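*Asks:* Mind having a look at this structure? Questions to follow.
The values are calculated or read from the model by the stated rules, or taken from the named source; none is laboratory data. What you are looking at is a predicted structure, and each value in this text was computed from that prediction instead of being measured. Note that we place each Cβ from the backbone using ideal geometry, even for glycine, and neighbour counts take in every protein chain shown. Ligands, DNA and RNA are excluded from the accessible area calculation, which covers all protein heavy atoms including side chains. Shrake-Rupley method; radii C 1.70, N 1.55, O 1.52, S 1.80 Å.
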Amino acid sequence: MKNTGVYRAAGAALIYPDADLYADLPAMRRLAPELGPFLDHVEATPLDELAAHYTEVFDFRARRCLYLSWWRDGDTRRRGVALVAFKEKYRAHGMEFTGDGELPDFLPAVLDFTATTGDAALLHEHRPGLELLRLSLADCGTPYAQVLEAVCATLPGPSPKDRAAAMQMAKNGPPREDVGLEPYGGKTPLPMPTFTPSAAPTGGPR
């Protein structure tokens with residue numbers, strides 16, 4: 001899958017920053033040159049400052065959150081059904097979501113799953129939410145917008161230019177991918193320990 005590096009590095013970039021992020025910068029640069037400006041910013045920013053900025057940026061109240069089903073379903077009963085669907089998708093590939101306290105629709109987990117399996121269906125399905133998050137990050141002027149721009153650029157069709165166009169995408173559905181996914185060609189560095197292999201895909205929640 002040609003975008004594996006972007007998904008792997010973007011997933012690592014969107015986790016709450018710690019010392020491991022700085023140690024992984026050289027590998028992230030090799031995986032995703034598209035993230036160069038963002039990685040330059042990380043390298044030049046002290047950890048405590050970057051962590052404080054991350055907490056300020058990814059805020060539900062400001063409509064900048066990393067949980068994909070929230071953009072479509074909000075805090076409603078429908079969201080519970082959506083979260084089960086994420087888990088079922090992972091299990092269909094023989095992977096069990098462990099999450100480390102996160103929900104299965106957490107964007108870094110979805111990106112790591114996509115990089116590992118080559119299955120980008122969850123990103124395609126939740127394209128409108130990704131684009132709305134990208135626009136919100138751009139509006140607040142955070143370097144994290146560059147990470148979402150790189151992810152959205154891997155998806156079919158042009159990105160919407162404003163919220164009205166993104167909302168129209170949500171109504172009409174995202175552009176369809178007209179070509180098959182390329183086979184996944186082997187694991188890359190920067191593993192994110194979000195999933196553990198299950199003994200066998202169960203196809204449903206435990």
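*Asks:* Consider ASP75 carefully, then state whether it is part of a loop (DSSP other than H, G, I, E, B) and either over 24 Å from GLY129 (Cα atoms) or over 18 Å from the mean Cα position of the chain (by Cα) (or both).
*Replies:* In short, yes.
*Asks:* Ok, one more. Could you list all residues from segment 93-107 that are part of a helix (DSSP H, G or I) and either aromatic (Phe, Trp, Tyr) or modelled with pLDDT of 95 or more (or both)?
*Replies:* So the first thing to find is which residues in segment 93-107 are part of a helix (DSSP H, G or I), and the list is 99-101, 107.
Correct list: LEU107 only.
*Asks:* Picking from GLU49, GLU34, GLU56, which residue would you name as being of a type outside the set (Ser, Thr, Tyr) and surrounded by 15 or more Cβ atoms within 10 Å (Cβ to Cβ)?
*Replies:* Values: GLU49 fails: surrounded by 15 or more Cβ atoms within 10 Å (Cβ to Cβ); GLU56 fails: surrounded by 15 or more Cβ atoms within 10 Å (Cβ to Cβ).
None of the other options fit; the residue is GLU34.
*Asks:* Then there is this: Under 6 Å between Cβ atoms, at least 6 apart or on separate chains: pull out the pairs that start in segment 83-102 with a residue that is farther than 14 Å from ASP119 by Cα and end on any residue that is part of a strand (DSSP E or B) and of a type in the set (Ser, Thr, Tyr).
*Replies:* GLU96/THR196; THR98/THR196
*Asks:* Give the residues of segment 94-138 that are in contact with a strand residue (DSSP E or B) (Cβ under 9 Å, 6 or more places away or on another chain), open to solvent by 30 Å² or more (accessible area, probe 1.4 Å) and not hydrophobic (A, V, I, L, M, F, W, C), sorted by residue number.
*Replies:* THR98, GLU102, THR117
*Asks:* Right, something else. Take segment 139-164 and flag every residue that is open to solvent by 40 Å² or more (accessible area, probe 1.4 Å), within 12 Å of ARG127 (Cβ to Cβ) and modelled with pLDDT under 60.
*Replies:* PRO158, SER159 - these are the residues of segment 139-164 that are open to solvent by 40 Å² or more (accessible area, probe 1.4 Å), within 12 Å of ARG127 (Cβ to Cβ) and modelled with pLDDT under 60.
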